[in-house]
Amino acid sequence: MLVAEGLRVDGDSLRVASVPAAVEAEITLQVDGRAVRLTIDTRTSLLDALRERLGNTSPKKGCDHGQCGACTVLLDGERVLSCLTLAVAHDGGEVTTADGLAVDGALHPVQQAFIDYDAFQCGYCTPGQICSAVGVLREAERGWPSHVTADLTGDAELTDAEIAERMSGNLCRCGAYMNIVPAVRAAGGAR
Amino acid sequence: MRPFTFARPAEADEAVRTVARDPEAVFLAGGTNLVDHLRLGVARPSLVVDIRTVTSREVRDASDGGLSIGAAVTNSELAADRRVRERYPVLAQALLSGASGQLRNMATSGGNPLQRTRCVYFQDVTMPCNKQAPGSGCSAIGGYTRYHAVLGVPAAPDAGDPETCIATHPSDMAVALAALDARVQLRGPDGNREIAFTELHRLPDGDPSRDTVLHHGELITAIDLPALPAGARTAYRKVRDRASYAFALVSVAAVLRVADGRVADVRLALGGVAHKPWRAARAEEALRGQPATEAGFRVAAEAELAAAQPQSGLDGGNGFKIPLATRTIVAVLRQLTTEA
């Protein structure tokens, strides 16, 4: 019986038939301001490269399917899901995780706002929420609209409804949304 | 996950040639669907060819007054483009109603229409599925059908029939493009061709494993939007289980021009109801030249849904989509005739 690619169970023994060889690639990433050179399996997600290879456990593996937002990082300045990003496809990319947002020990305004507004409980989704919020504020600054923007031809104001819609890709199982929204609003006002 | 070789060609012709010569090669754009499929075992390529830098990332003004969208333009960039927001609000609204901010930053204009169904049986490789493993049957028949089709499907499909598939196409963007009479620019191993966007996707008939008419190695390089008739108004409305970040149960994209109280031009497309973005030709025919009234809109919507076939299921089936789609069509047309 074939149980996986190249794995066959014959009687009581599990035998490796012909497991296809992993393909490796060498990439350079700029992670939180530091250049790193890595040899990776082409199958490695950016999330796994950060967590397992570089020891940066700030982005979290919530679902690994692009549904929860816990792995959100800024890639070349834009918020993306690192679990659905192949590291090999971003050779030379500039990655900022929540871990790299503070400058010289001073918290990023979004980080400070999350503390001031008690915008988390267990904290697992928080690094993703914070990277996403930094992205939301940049997008709003550029005048990008959202699904709840009534007048697409005007500039959207960051109302609570706008913040909730723009942050909808980040799930929080503790349900801290009621405090996340004012935290993002406050950080937006402070930018 | 099966190991794969990764390539990033310098230009589109090389990307097309590279994929065309390996039947197990795939294109990678934003990766939002493909990378998940690699992990799930739904896609098992030997070679992944990154095309994000071989097609245009610009939206250009076309000579006919329309727009030409480079395949690498992200969903976020396209939705934020002032020309799209002002001239094609249906497209901006459709894009903004899809996925999340992070996913829209990754997903591309060429890749979004080529995303695959979110049918839970298709995404579970342990389940029989004619789209995933041709000839194995359809697990959705009599299963959970809330997100499945009511148009372009038979009344009582046979789960064991190797051609049965009641999956829906998940894209919002594609529904807007179908209503806008968009054109798709393709580059293939045998040269370039242009097709109507409404011809890109296909019904499952004969081979449910094929979502589109594209040949292996054929690449979308751009999507062109023709200019809309002066005075035409457009809108997209999506009905879903959550207020945000959910696929459509039913969606409607509409382009409407009313002159002297009568429908002068109308184009309607439906999402969440069929294997492809569903151009509502019957409704359009029933509307054209008729008075632009709510009663007329209802007659037209009912004409379109007359062919719908509710699918039974463990979750109570999806017959609710028929009145829901009817009412959503009416609501969108009413919105386009009553708003200032």
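Values quoted throughout were computed directly from the atomic coordinates according to the rules given, and no laboratory measurement underlies them. If you're wondering where the values come from, they're calculated on a predicted model, not measured in any experiment. Positions of Cβ are generated from backbone atoms using ideal geometry, with glycine treated the same way; all protein chains shown enter the neighbour counts.
Taking only Cα atoms and a 10 Å spring cutoff, compute GNM fluctuations for chain B and point out the largest among B:Ala295, B:Ala269, B:Ala248.
Largest GNM mean-square fluctuation: B:Ala295.
Compute the distance in nm between two label points, each set 7 Å from the Cα along the Cα-to-Cβ direction, one at A:Tyr124 and one at A:Asp76.
3.2
Given the rule -39500 (n - 2.57) for each run of at least 4 DSSP H residues, summed and divided by the residues of the protein assembly as shown, what is its mean residue ellipticity at 222 nm, to the nearest 500 deg cm²/dmol? If you can, show how the numbers build up before the last one.
Working: 14 runs with 132 residues, N = 531.
Theoretical 222 nm ellipticity from helices: -7000 deg cm²/dmol.
Please identify the GluC sites (Glu not before Pro) of the range B:240-340 that satisfy two criteria: DSSP loop assignment and at most 15 other Cβ atoms within 10 Å. Which are they?
Working: sites: B:Glu284, B:Glu285, B:Glu294, B:Glu302, B:Glu304, B:Glu339; in loops: B:Glu339.
In loop regions of the range B:240-340 (DSSP not H, G, I, E or B), the sparsely surrounded GluC sites (Glu not before Pro) are B:Glu339.
To test your reading of the geometry: what angle, between 0 and 90 degrees and rounded to tens, separates the Cα axis of helix A:126-141 from the longest principal axis of chain A?
It is inclined by approximately 50 degrees.
Could you name the aspartates and glutamates whose alpha carbon sits less than 12 Å from that of A:Lys61, not counting residues in the same chain fewer than 8 places away?
A:Asp48, A:Glu52
Sequence neighbours fewer than 8 away in the same chain don't count; with that in mind, list the aspartates and glutamates whose C-alpha is under 18 Å from B:Lys321.
B:Asp172, B:Asp241, B:Glu302, B:Glu304
What do you get for GluC sites (Glu not before Pro) in the range A:103-168 restricted to DSSP loop and a cutoff of at most 15 other Cβ within 10 Å of the site's Cβ? The partial results should precede the final answer.
On the way: sites: A:Glu139, A:Glu141, A:Glu157, A:Glu162, A:Glu165; in loops: A:Glu157.
The qualifying sites are A:Glu157.
For peptide A:144-154, what's the mean number of Cβ atoms from other chains within 10 Å of each residue's Cβ? Working shown, then result.
Working: counts 8, 8, 6, 12, 3, 4, 0, 1, 10, 5, 1.
If you average over the peptide's residues, the count of other-chain Cβ atoms is 5.
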